[in-house]
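Here's the structure, in structure tokens; my notes come after.
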Amino acid sequence: PLLCPFPPSAPAALRSLPPAVTGGVLHATRPLHTSKQHLAPLPPLPEKGGEVRHGLIPEEFFQFLYPKTGVTGPYMFGTGLILYFLSKEIYVVNHETVAAACILAVIIYGVKKFGPDVAAFADKLNEEKLAKAEAVKNESIQGLEAAIEQEKKEQWRVEGRSYLFDAKRNNIAMLLEANYRERLLTVYNEVKKRLDYQVAMQNLKRQKEQDHMIQWVEKSVVQSITPQQQKDSIAKCILDLKALSKTAQATA
Amino acid sequence: MAGRRAAIKAIDWAAFAERVPPSQRPMFNALKTRSDALSARLAALPEKPPAIDWAYYKSAVAKAGMVDEFQKKFSALKIPEPVDTQTSKINAQEQEAAKSAAEYVQASKARIAQYEQELQKLKSMIPFEQMTLEDFHEAFPETRLDKEKYPYWPHKPIADL
């Protein structure tokens with residue numbers, strides 16, 4: 001059906017064939033011109049042609065004769081016809097008959113032996129064509145679906161643009177706040193530094209004065225020790241030492 | 001001090017990261033590092049500087065009136081808040097982005113409609129087994145052989161075979 005070289009060119013209304021069946025079909029009661037023009041897709045063409053017996057005679061002929069003559073009727077008719085042709089010499093037996101018989105025998109033998117294989121091969125070719133077309137169609141469907149998904153995703157992404165601007169504004173706010181706090185801190189530090197400097201200066205001055213005074217007092221005291229006082233203090237020390245040594249000797 | 005702090009909105013960085021297309025990832029990372037650096041800097045600074053202990057200084061510093069003068073000037077000092085010059089620009093950018101985003105979404109929707117149409121056509125096709133060559137050419141017009149342009153078999157340029 002796909003690569004049928006003779007597509008029916010009749011209008012759609014005439015193509016009211018029965019639906020396709022994969023077996024042979026008896027077309028005896030095929031309805032024609034029975035319905036109005038549908039606008040629906042046509043039913044598909046039948047897969048196989050009409051059934052034949054012995055490769056030549058359509059089944060309809062046998063069915064036609066069956067009611068009157070039963071099963072053997074058509075065969076009797078055929079035999080009678082052949083004998084009539086032979087006996088009346090309507091068909092003359094000559095050398096070509098022999099040739100025809102041989103040729104037919106070879107042909108029938110060839111077809112019966114290799115027929116199915118050739119048919120399978122041809123069917124495979126057709127299958128491949130169909131599979132390729134099907135694959136292309138499926139790929140396009142998948143591609144389109146993926147593209148739709150992608151577009152939807154991109155739209156979703158675009159919705160998130162508010163994040164960017166919030167982030168930027170946040171950055172700005174943080175920067176301003178940080179600057180402000182830095183300024184406060186700087187002011188505080190500066191003032192504190194100055195006050196601390198004053199305090200430290202004072203402490204240092206006080207310290208220096210203290211040290212100087214202590215030194216001066218020490219110096220004047222040392223200077224005021226007269227030689228007389230020195231002698232007295234040394235004598236006192238000696239006396240103390242003697243007393244101590246006495247007590248020490250006593251205990252030891 | 002009213003109006004000092006523009007509210008810092010909490011940003012869901014994870015959700016933001018999801019929406020960034022891979023081509024703009026470096027820009028996003030740069031923005032994030034900058035943001036993080038700024039917030040770290042902000043967090044490191046105390047909100048208010050500690051108060052200066054004037055009583056101690058008044059008792060400690062001998063120079064008359066110096067501490068008082070400092071105190072007076074210090075409390076009178078008004079530190080100017082940094083002026084915000086960029087937010088209006090950001091807002092303008094946001095408006096523009098909204099507009100271009102709307103356009104993009106429009107175009108995207110048109111594309112989606114087109115894809116949907118083709119998808120519909122492909123899905124509602126009859127199966128190949130039941131097609132004739134005519135039906136095939138109807139479904140895929142590009143396969144039709146141009147018999148006017150190339151009147152002789154194979155009806156297409158030899159190079160296309």
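The values are calculated or read from the model by the stated rules, or taken from the named source; none is laboratory data. Values in this document were obtained by computation on a predicted structure and should not be read as measured data. Quick reminder, even Gly has a Cβ in these numbers, built from the backbone with ideal geometry, and neighbours come from all protein chains shown.
Consider A:Trp156 against the criteria (1) of a type in the set (A, V, I, L, M, F, W, C); (2) farther than 30 Å from B:Gln93 by Cβ; (3) loosely packed, with under 15 Cβ neighbours inside 10 Å: it satisfies all of them except one. Which criterion is unmet?
Among (1) of a type in the set (A, V, I, L, M, F, W, C); (2) farther than 30 Å from B:Gln93 by Cβ; (3) loosely packed, with under 15 Cβ neighbours inside 10 Å, the lone unmet condition for A:Trp156 is (2).
Look through A:Phe77, A:Phe121, A:Phe61, A:Phe114 and report the one residue that is within 24 Å of B:Pro127 (Cα to Cα) and either aromatic (Phe, Trp, Tyr) or touching a Gly at 6+ places or on another chain (Cβ under 6 Å) (or both).
Answer to the check: A:Phe121.
Under the condition of being aromatic (Phe, Trp, Tyr) and surrounded by 14 or more Cβ atoms within 10 Å (Cβ to Cβ), which residue from region B:50-82 is farthest from A:Met201 (Cα to Cα)?
B:Phe74
Quick one: in region B:37-49, which of the residues that are surrounded by 12 or more Cβ atoms within 10 Å (Cβ to Cβ) and either of a type in the set (A, V, I, L, M) or modelled with pLDDT under 80 (or both) is farthest from B:Lys72 (Cα to Cα)?
Looking at the filtered set, the residue picked out is B:Ala37.
Looking at (1) at the interface with chain B (Cβ under 7 Å from one of its Cβ atoms); (2) within 30 Å of B:Ala101 (Cβ to Cβ), can you tell me which one A:Arg183 breaks?
(2)
For region A:56-159, list the helices (runs of 4 or more DSSP H) that sit wholly inside it and hold at least 3 residues that are among the β-branched types (Val, Ile, Thr) and more than 60 Å from the chain's Cα centre (by Cα); which are they?
A:95-159
So which of B:Ala55, B:Ala101, B:Ala51, B:Ala92 ends up being within 10 Å of chain A (Cβ to nearest Cβ), out of contact with any helix residue (DSSP H, G or I) (no Cβ under 7 Å at 6 or more places or on another chain) and not charged (D, E, K, R)?
Answer to the check: B:Ala51.
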